[in-house]
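Participant: Have a look at this one.
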Amino acid sequence: MFKRILPAIIFLSIYTGNLWAQEKGSAFTIIPLGVKGGDDESNLSSYMITPKGSDKYVCLDAGTINAGIQKAIDFKSLKGNSEEIQRKQIKGYLISHGHLDHLAGLIINSPADTSKNIYGLPSVLNILRDKYFTWDAWANFANEGEKPQLKKYTYFPLIEGNTYPLAGTEMKVKAFELSHGKPYKSTAFLISHDDSYVLYLGDTGADEVEKSDKLANLWQAIAPLINAGELKAVFLEVSFPNEQPDKQLFGHLTPKLFFSELSKLEALINEKAFRKVSFIVTHTKPPLQSAEKVKQQLISGNVKGLKLIFPEQGRRLTIN
C-alpha cells in the first residue's frame with residue numbers, strides 16, 4: 001500500500017515543503033530567510049537551521065536577514081521581533097563564499113547584531129576582512145583587518161575535512177571546498193546533531209563544466225551517511241534553465257546538470273537509502289519566467305522520483 005501512495009506524497013512535498021519521518025535520528029528545523037539568487041535584495045540565499053525544539057540557530061549564508069525574519073514572523077514560523085531574533089536566536093553565520101547575494105544581509109544588519117562567530121574557509125573570511133568589513137566600504141565589525149576593529153564578529157576559519165562545534169548551539173560543522181567558476185571557491189557545509197546530518201552547498205558548478213573533482217569528492221564523503229540513514233537532506237542550487245550555455249553558467253547548475261550530478265551520487269548508494277534523502281532546491285535566479293522554467297524542468301526531469309523541495313521564504317521546514 002505504501003508504494004501506491006508514495007507518488008502522491010512526493011507530489012505534495014514539492015509544493016508544500018513538508019518532509020516526513022525517517023527511520024533514524026533527530027529532526028532539524030529550517031527557516032528560509034531567502035531562497036533566490038540574483039537581484040532581489042529582499043530574498044537572497046540564507047537559511048536558519050537548528051535541532052527541532054531549539055531556538056539556537058546558525059545561518060547558512062546570509063544574503064537576506066531582516067526581511068526574511070519578518071516574513072517568517074508573518075508566517076508564524078518565528079515569534080518575536082526581527083531585531084531580537086537576529087540578536088538572540090542566530091548564534092553564528094556560515095558563509096559559503098564572498099558574493100554579495102550570500103552575505104549582504106549580514107553586512108547591512110551588523111550594526112544591530114550581537115557578538116558571534118562568522119565561520120568559513122580562510123579564503124572566504126579573507127574576502128570579508130579585506131573587501132567588506134573595511135572602513136571605506138562599511139565599518140569593521142570584526143576582530144581582524146583595518147583598525148579600529150570593533151570586534152563584534154569573530155572570524156572562525158574552517159579547515160576542510162575537520163569537524164567543529166558551532167558555538168552557542170548543539171550542532172557541529174564540517175566544510176568541503178567547491179568550485180564556483182574555477183578558480184573561484186565556494187563551500188559545502190555538513191551540519192550534524194547527534195547522528196543526523198544536513199548538507200548545504202553554496203553556489204557550485206558541475207564537475208564536468210568546472211573541470212574539477214570537488215563534487216565527486218563530496219559525494220564520496222557523504223555516501224556512507226546516506227547509506228546509514230543519517231543524512232536527511234541536501235541543499236543544492238539550480239540557478240539557470242537547461243537552455244543556458246555552459247560558457248554562461250559562471251559556476252552554477254541547470255536542471256540537467258543537477259540530475260547528472262545526483263546520478264553520480266546515486267551510484268555510490270543503496271537505492272532504498274537514496275530515496276529517503278530530500279533535495280532542497282536553492283538559488284534559482286530571476287527573471288520569474290526563467291525561475292518557473294527551472295522548476296518545471298526539474299519536475300518533468302525527475303524521472304526517478306527524487307524528493308524535491310522548493311523552499312518558500314519564511315515558511316518553516318521540518319526534517320525528520
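Any read-out appearing in this document is the output of simple, stated calculations on the displayed coordinates, not a laboratory observation. Since the model is a prediction, treat every value here as computed from it, not as a measurement. Using ideal geometry, Cβ is built from the backbone for each residue, glycine included, and neighbour counts are taken over all protein chains shown.
Participant: Any idea what Rg and Dmax come out to for the range 220-281 if you just take the C-alpha atoms, in Å?
Facilitator: In order Rg, Dmax, the Cα atoms of the range 220-281 give 13.0, 38 Å.
Participant: Now, a different point. Report, ordered by chain and residue number, the aspartates and glutamates lying within cross-link reach of Lys182, taken as a straight Cα distance under 19 Å and ignoring same-chain residues fewer than 8 apart.
Facilitator: Output for Lys182: Asp101, Glu160, Asp203, Asp207, Glu208, Glu210, Asp213, Glu237, Asp246, Glu261.
Participant: In addition: Quote to one decimal, in nm, the extra length available between Asp246 and Asn81 on full extension: 0.36 nm per residue of separation minus the C-alpha distance between them.
Facilitator: So the extension gain works out to 55.1 nm.
Participant: A further question follows. So what is the calculated 222 nm ellipticity per residue for the chain, using -39500 (n - 2.57) for each DSSP H run with n of 4 or more, over all residues, to the nearest 500 deg cm²/dmol?
Facilitator: The helix-only estimate for the chain comes to -8000 deg cm²/dmol at 222 nm.
Participant: Can you count the Lys pairs in the range 223-296 with C-alpha separation below 16 Å, eight or more apart or on different chains?
Facilitator: Within the range 223-296, the lysine pair count is 10.
Participant: Moving on to the next point. Using only the Cα atoms of the chain, what do you get for the radius of gyration and for Dmax, in Å?
Facilitator: 18.5, 66
Participant: Can you tell me the relative contact order of the chain? Whole percent, Cα pairs under 8 Å, sequence separation 6 or more.
Facilitator: Normalised by residue count, the contact order of the chain is 21 percent.
Participant: Determine the shape class of the range 123-236: with a ≥ b ≥ c the square roots of the Cα gyration tensor eigenvalues, call it rounded for a/c under 1.5, and otherwise prolate if a/b is greater than b/c, oblate otherwise.
Facilitator: Oblate shape, in that a/c is at least 1.5 and b/c is the bigger or equal ratio.
Participant: To continue, here is another question. Be a star and scan the range 291-311 for residues whose amide nitrogen sits under 15 Å from the point 7 Å along the Cα-to-Cβ vector of Arg275.
Facilitator: Under cut-off, by backbone N: 303-308.
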